[in-house]
Amino acid sequence: MRLLVAFAAAVLAAACQTPCPAVNTGPTVSNFTCEDGSALRVTFTPTQAVVEQEGYVTLTLPERGVGGGYRYSANGAELRGRSTDAQWTRPGAAETLCSVAQ
């Protein structure tokens, strides 16, 4: 009988675990340093990336579907990459490689 009570208590305790926290879908900000010497501050949301670069107009780029990694582009500007590395292209400028600042 004691074994049955202990087993029932263990089952009930396992069923009362705290639920997982909600997934954060809010904006995420990353700071990149690029090979051409520029610095980017990018605010990512599920639907867009806002790219701030000193001396330039802030750009809002919509998300574009991609198999792996990420890609945001509009009007000749494109930010694409995977994990902490990215390629950044602004209209009229050569593509540059960027990495998340440490």
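Of everything in the stretch 70-95 that's over 18 Å from Asp36 (Cβ atoms) and of a type in the set (S, T, N, Q), which residue is surrounded by the most Cβ atoms within 10 Å (Cβ to Cβ)?
The qualifying residue surrounded by the most Cβ atoms within 10 Å (Cβ to Cβ) is Ser73.
When you check Tyr56 against the structure, is it in contact (Cβ under 8 Å) with a residue 24 or more places away in the chain, closer than 19 Å to Leu97 by Cα and either touching a strand residue (DSSP E or B) at 6+ places or on another chain (Cβ under 9 Å) or of a type in the set (Lys, Arg) (or both), yes or no?
No, not satisfied.
When you scan the stretch 47-102 for strands (runs of 3 or more DSSP E) that lie fully inside it, which ones turn up with 1 or more residues that are under 15 Å from the mean Cα position of the chain (by Cα) and basic (Lys, Arg)?
Correct list: 70-74, 77-82.
Do you know which residues across the stretch 1-46 are more than 11 Å from the chain's Cα centre (by Cα), part of a loop (DSSP other than H, G, I, E, B) and modelled with pLDDT of 90 or more?
Glu35, Asp36, Gly37, Ser38
Does the stretch 56-69 contain at least one residue that is among the aliphatic types (A, V, I, L, M) and surrounded by 14 or more Cβ atoms within 10 Å (Cβ to Cβ)?
yes
The values are calculated or read from the model by the stated rules, or taken from the named source; none is laboratory data. Please read all numbers here as calculations on a predicted model, not as lab measurements. Glycine gets a Cβ as well: all are built from the backbone with ideal geometry, and neighbour counts include every protein chain shown.
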